[in-house]
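Some notes on the structure that comes next.
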Protein chains: 2
Amino acid sequence: MSLNKIEIAQQFRLLQDHICGELERIDGKATFREDLWDRKEGGGGRTRIIRHGGVIEKGGVAFSEVYGPVSEMMKKQLGLDGNEFFATGVSIVLHPGNPFVPIIHMNVRYFELDSGVYWFGGGIDLTPHYIDESQAALFHKQLKQTCDKYDGSFYPKFKSWADDYFFNQHRDETRGIGGIFFDHLSASEKAGKEDLFSLCIDLGKLFPLIYEEQVDFGKNKPFGERELLWRNLRRGRYVEFNLVYDRGTKFGLLSGGRTESILMSLPEMAAWEYDFHVEENSPESKTLSLLHKGKIWTT
Amino acid sequence: MSLNKIEIAQQFRLLQDHICGELERIDGKATFREDLWDRKEGGGGRTRIIRHGGVIEKGGVAFSEVYGPVSEMMKKQLGLDGNEFFATGVSIVLHPGNPFVPIIHMNVRYFELDSGVYWFGGGIDLTPHYIDESQAALFHKQLKQTCDKYDGSFYPKFKSWADDYFFNQHRDETRGIGGIFFDHLSASEKAGKEDLFSLCIDLGKLFPLIYEEQVDFGKNKPFGERELLWRNLRRGRYVEFNLVYDRGTKFGLLSGGRTESILMSLPEMAAWEYDFHVEENSPESKTLSLLHKGKIWTT
């Protein structure tokens, strides 16, 4: 079967199924609840939420497939040159309970216009409340290996894109240890449309493997009030990024997307403390010292 | 003494002192901590924070007086036509602990350009976690009485402005019961520059009186887990408004303002629950039903 938008959407739907199954296994306690929704102008989605699990305090794995006329707002804000669009993707954010398990985000998406223009976008990034450098290196190595299968230039380019994108400018800190981010990716000499799609599917399949490693590393580590406060403060920064900078969130909210699906990325609970300072030479200060752009995690 | 920018800033500084003194009396337990800060390009501020009080869980009363060259960003984003600007104001957000005491926000500010153009802006709005209609009516009546001293058209105009401004579009709900909001206000036939300044000072002095009424009404009401969850969810909406829509917050963060002072408006802790539904005929559903624009609270 040729790779058309229907096939891509169907594979993304199956990817959502696969990931949800794997996450339920990794969590070991909670299961996903599903909400189906329709978009008035065309298409809809399946939003799946997991709560109060063995590992995941709150998480969402969303599939959507939306289409219809390109609105004036989309033309203006996204610079789209076409009459009809089609967009499909899978989007994930997981907030674990244990502060030693990182927050993780993944997204793969496909967009096309009736003019024939299309592109893929996506990425995976990790936000540890406490950064363990060997776990961070492992995470980046796994991403690099997958990217390298397609184009040796992808990982360095996408890694630096993630550093720039997942950045809280007003805090002068990255959201976490980054990962990869790409957008407006279409066929090149090295990687055709089928390859780019295959990269998205590979990343989707890599996602539960990656997260399982991170979960296994942290899930049994003991913690107390101090670590919970720090986790909640880091979640506050996550909320700041998503509401102030994240393009998908902002565009979704302002263009009349399904609010509950868009904001499933927010944690169950977050904290802010005025002018919070970490102790010198503490695990918290070490984490802060690593939240900057341009750090090379792979060797 | 003529009403120039130095005098206005000085009166705003005294207003901050007055309000902090009154709030400490109303709170009855905690006192403000002060941070002085300088702005590299000119001016600075006094940020005062109160925490873990008898009434106020987290609150800030900030004074600032900043000036300097009009940057390219200010020209572009604010459409400012001048070379040098001067801005001073007092800004307040208080998050109480008891869910039956409302969140309150106040701001008064003065802006001028070397071209001679100036304006005042400001407002007070109330965000009850649980709306009591008689308390809401009292709040609006107090604002109307103060506005009416200056211009009978102010209250209806400013009230409707607040409805439009303090609105979470993606939730299709107002942030709270509104209040008044005004911006770019300069002298008219009815109200000269001195009058507008006097309105700002009057609102600043009204603020602790207004809040004391709301605090006294709610501070001894008993509450449990249910009310705390609801309070935290409403705080989540407050965070959404401030980070997604609030012009002062967005401009401040993107223009390199002092992040801790700007984000003092965020609560100590906030919550999000996917697709939360209130019980029918509950106090929570009654509150939700009142969070829409255009409700007339004064008769």
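Computed from the coordinates by the stated procedures, all read-outs in this text should not be read as laboratory data. Source: prediction; values computed, not measured. All Cβ positions, glycine included, derive from the backbone under ideal geometry; neighbour counts span all protein chains shown.
So what's the back-of-envelope 222 nm ellipticity for the protein assembly as shown, counting only DSSP H runs of four-plus at -39500 (n - 2.57) apiece and dividing by all residues, rounded to 500? It would help to have the intermediate numbers written out before the result.
Values: 18 runs with 246 residues, N = 598.
Mean residue ellipticity at 222 nm (helix-derived): -13000 deg cm²/dmol.
Taking square-rooted eigenvalues a ≥ b ≥ c of the alpha carbon gyration tensor, is region A:201-290 rounded, prolate or oblate, where a/c under 1.5 means rounded and, failing that, a/b exceeding b/c means prolate? Intermediate results must be reported in sequence, preceding the final value.
Details: a/c = 2.23, a/b = 1.28, b/c = 1.75.
Here region A:201-290 falls in the oblate category.
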## Note on the structure
In order over region B:143-156: 3J(HN,Hα) from phi, Karplus 6.51/-1.76/1.60, θ = phi - 60°, whole Hz, x for each Gly or Pro, gives 5, 4, 4, 5, 4, 4, 4, 9, 6, x, 7, 5, 4, x
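Calculated FRET efficiency, B:Ser285 and A:Trp37, Cβ-Cβ r, R0 25 Å, to nearest 0.05?
Details: r = 22 Å, r/R0 = 0.89.
After rounding, the FRET efficiency stands at 0.65.
Count the lysine pairs in region B:1-142 whose Cα atoms sit under 26 Å apart, keeping only pairs 8 or more residues apart in sequence or on different chains. Don't skip to the end; give the middle numbers.
Details: B:Lys5/B:Lys40; B:Lys5/B:Lys75; B:Lys5/B:Lys76; B:Lys29/B:Lys58; B:Lys40/B:Lys75; B:Lys40/B:Lys76.
Going through region B:1-142 pair by pair, I get 6.
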### Message
Using Cα springs under 10 Å in a Gaussian network model of chain B, which residue among B:Gly45, B:Gly79, B:Gly176 shows the largest mean-square fluctuation?
### Response
B:Gly79
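Using only alpha carbon pairs under 8 Å that are at least six residues apart, calculate the relative contact order of region A:88-223 and give it in whole percent. Intermediate results must be reported in sequence, preceding the final value.
Values: 215 pairs, mean separation 39.1, N = 136.
The value is 29 percent.
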### Task
Hey, for a label at B:Glu212 modelled as a point 7 Å past Cα toward Cβ, could you say which residues of region B:25-48 have their backbone N under 20 Å away?
B:25-32
### Query
Under 5 Å between amide H atoms, partner at least 5 residues away or on a different chain: which partners does B:Leu290 have, H built in plane at 1.01 Å?
none
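Anything over 32 Å Cα to Cα? Flag those among A:Lys159/A:Lys250; B:Lys221/B:Lys250; A:Lys221/B:Lys221; A:Lys286/B:Lys250; A:Lys190/A:Lys219, in the order listed.
Details: A:Lys159/A:Lys250 23 Å; B:Lys221/B:Lys250 36 Å; A:Lys221/B:Lys221 40 Å; A:Lys286/B:Lys250 29 Å; A:Lys190/A:Lys219 40 Å.
Those over the limit are B:Lys221/B:Lys250; A:Lys221/B:Lys221; A:Lys190/A:Lys219.
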### Query
Which residue fluctuates the most in chain B, going by a Gaussian network model with Cα springs under 10 Å, if the choices are B:Gln142, B:Gln214, B:Gln77?
B:Gln77
### Query
All other residues with a Cβ under 15 Å from the Cβ of B:Lys286 taken together, and with Lys, Arg as +1 and Asp, Glu as -1, what is their net charge?
-4
#### Entry: Distance between region B:206-259 and region B:23-83 - C-alpha centres, whole angstrom
16 Å
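Would you kindly state the longest site-free stretch of chain B, with sites defined as GluC sites (Glu not before Pro) in a DSSP loop (not H, G, I, E, B) surrounded by at most 15 other Cβ atoms within 10 Å?
Counting only loop sites that pass the neighbour cut-off, the longest clear stretch is B:42-188.
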#### Entry: For region A:35-43, 3J(HN,Hα) per residue [Karplus equation, 6.51 cos²θ - 1.76 cosθ + 1.60, θ = phi - 60°, Hz, x = Gly/Pro]
10, 9, 9, 10, 9, 3, 7, x, x
### Task
Jot down the per residue volume, in cubic angstrom and as a whole number, of the convex hull over the alpha-carbon atoms of region B:135-285.
151 Å³
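Convex hull over the alpha-carbon atoms of region B:5-289: what's its volume per residue in Å³?
Working: hull volume 35.8 nm³, N = 285.
Measuring per residue, one finds 126 Å³ for the Cα hull of region B:5-289.
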## Note on the structure
Expected vector for region B:209-217, Karplus 3J(HN,Hα) from phi with 6.51, -1.76, 1.60 and θ = phi - 60°, integer Hz, x for Gly and Pro, equals 5, 4, 5, 4, 4, 5, 5, 4, 5
### Query
Which chain A residue puts its Cβ closest to the axis that rotates A onto B, and at what distance in whole Å?
A:Leu243, 2
### Query
Rg to Rh ratio, the protein assembly as shown, alpha-carbon atoms and Kirkwood radius?
0.98
## Note on the structure
Any residue on another chain or 5+ positions along whose placed amide H is under 5 Å from the amide H of A:Gly178 is listed here as A:Leu126
